[in-house]
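All remarks here apply to the structure that follows.
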Ligand code: SF4
Ligand code: SF4
């Protein structure tokens with residue numbers, strides 16, 4: 001039995017939103033080129049599959065795609081902006097055991113400004129509530145934190161907690177996938193302070209899952225200060241992304257698209273064991289982009305479980321005696337900026353932001 005992998009299927013680069021941190025909507029895929037069911041059938045067995053976009057519910061055949069992927073994956077989670085409520089509800093009636101993550105970028109006004117979708121917050125929130133009323137268990141929010149929405153972070157967490165939903169966080173990244181090279185956090189201490197508050201709330205909960213999520217958010221503070229990843233990145237070893245053109249890639253964080261092979265043209269085994277795939281794996285081993293996105297961190301947290309587990313044990317122990325068991329100043333870079341040992345400009349240079357770069361859109365020409 002072949003080893004099961006962790007896969008992300010980007011079913012389209014079309015998107016109805018106009019987010020300020022992502023230009024993907026300006027570089028959509030052509031529907032006639034988008035990944036077919038025939039190619040999806042060639043994917044390997046997976047223990048986890050994330051279906052994403054663009055906006056995946058733009059695909060008219062999303063139901064057929066999910067049906068095919070369910071045959072080869074133990075767990076499916078779809079990431080969406082939640083705008084197409086009826087389509088999402090209909091899909092979940094047929095597949096009540098899948099997960100849905102709706103990106104909400106802050107409270108109502110902030111979300112709608114960032115996302116550029118009229119009434120986007122209410123649409124997303126209504127979709128989430130309807131899914132809960134239907135009895136869907138694996139439902140949650142996803143938020144990409146930037147200067148503009150950081151003050152809403154803890155409020156949004158409390159909202160998700162009231163609804164007993166998952167709360168996934170991210171921060172700004174630059175890559176071909178987002179068609180963006182200029183994303184950057186400007187006021188690091190302010191944003192980190194909101195993350196610190198969230199980490200403390202998560203640590204105080206009774207849910208072990210949330211304690212590990214606290215570790216992930218600790219890693220996000222480390223990331224926005226431009227520091228080395230807290231865990232190695234093993235993308236392309238037992239994890240892959242496939243784009244709408246059938247190109248298999250290690251991840252969505254590289255500056256330019258890195259291609260291991262094309263599943264429209266090759267079989268999975270041929271592609272996965274190819275020299276080209278090995279070349280990409282070597283690049284991953286030396287990659288210095290230090291992303292901290294759940295797609296690359298979750299497999300690493302499972303693989304190197306003792307690292308986050310030890311962090312959790314120490315902080316849960318502190319929580320027995322302290323009101324605030326976690327401080328962002330545990331991280332050296334945060335202390336160094338506070339103490340004037342490093343400047344904001346020096347930290348800016350550690351980030352992947354490049355104001356002069358022309359962002360690659362990763363579209364097949
Ligand atoms: S972040 Fe997602 S929803 Fe926003 S424009 Fe990019 S692909 Fe669309
Ligand atoms: S750090 Fe990992 S996820 Fe990020 S670009 Fe490099 S290989 Fe991809």
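Quick notes on this one:
Condition check ((1) within 21 Å of residue 352 (Cα to Cα); (2) in contact with a helix residue (DSSP H, G or I) (Cβ under 6 Å, 6 or more places away or on another chain); (3) more than 10 Å from ligand 2 (Cβ to nearest atom)) across all residues:
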{"position": "217", "(1), (2), (3)": "yes, yes, yes"}
{"position": "232", "(1), (2), (3)": "yes, no, no"}
{"position": "240", "(1), (2), (3)": "no, no, yes"}
{"position": "244", "(1), (2), (3)": "no, no, yes"}
{"position": "253", "(1), (2), (3)": "yes, no, no"}
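Each row is one residue, and each column tells you yes or no for (1) at pLDDT below 90; (2) more than 16 Å from ligand 1 (Cβ to nearest atom); (3) in contact with a helix residue (DSSP H, G or I) (Cβ under 7 Å, 6 or more places away or on another chain).
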| residue | (1), (2), (3) |
| --- | --- |
| 114 | no, no, no |
| 128 | no, no, no |
| 154 | no, yes, yes |
| 180 | no, no, no |
| 183 | no, no, no |
| 187 | no, yes, no |
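- Against the numbered list (1) surrounded by 18 or more Cβ atoms within 10 Å (Cβ to Cβ); (2) not in a helix (DSSP H, G or I), residue 18 comes up short only at (1).
- Number of the condition not met by residue 333 [criteria: (1) crowded, with 20+ Cβ neighbours inside 10 Å; (2) within 29 Å of residue 79 (Cα to Cα)]: (2)
- Qualifying helices (runs of 4 or more DSSP H) (wholly inside the range 98-184; at least 3 residues being within 16 Å of ligand 2 (Cβ to nearest atom) and more than 17 Å from the chain's Cα centre (by Cα)): none
- Condition met for residue 264 (in contact (Cβ under 8 Å) with a residue 40 or more places away in the chain, within 14 Å of residue 42 (Cα to Cα) and assigned to a loop (DSSP other than H, G, I, E, B)): yes
- Residue 331 vs. criteria over 25 Å from the mean Cα position of the chain (by Cα) and closer than 21 Å to residue 146 by Cβ: no
- The residue list 288, 269, 238 contains one member that is more than 30 Å from residue 147 (Cα to Cα) and under 19 Å from the mean Cα position of the chain (by Cα), which is 238.
- Those residues of the range 270-287 which are assigned to a helix (DSSP H, G or I) and farther than 16 Å from residue 234 by Cβ, in sequence order: 270, 271, 275, 276, 279
- Count - residues of the range 43-73 that are crowded, with 18+ Cβ neighbours inside 10 Å and touching a residue at least 40 places away in the same chain (Cβ under 8 Å): 17
- Residue within the range 31-39 that is within 16 Å of ligand 1 (Cβ to nearest atom), modelled with pLDDT of 95 or more and surrounded by fewer than 15 Cβ atoms within 10 Å (Cβ to Cβ) present: yes
- Some residue of the range 220-241 being within 16 Å of ligand 1 (Cβ to nearest atom), farther than 30 Å from residue 187 by Cβ and outside any helix (DSSP H, G or I): yes
- Contact map, the range 274-286: residues that are more than 9 Å from ligand 2 (Cβ to nearest atom) paired with residues that are in a helix (DSSP H, G or I), Cβ distance under 9 Å, separation 6+ or inter-chain. Pairs shown: 277/271.
The values are calculated or read from the model by the stated rules, or taken from the named source; none is laboratory data. Quick caveat: nothing in here was measured; it's all calculated off a predicted structure. Reconstructed Cβ throughout: ideal geometry from the backbone, glycine too, with neighbour counts over all protein chains shown.
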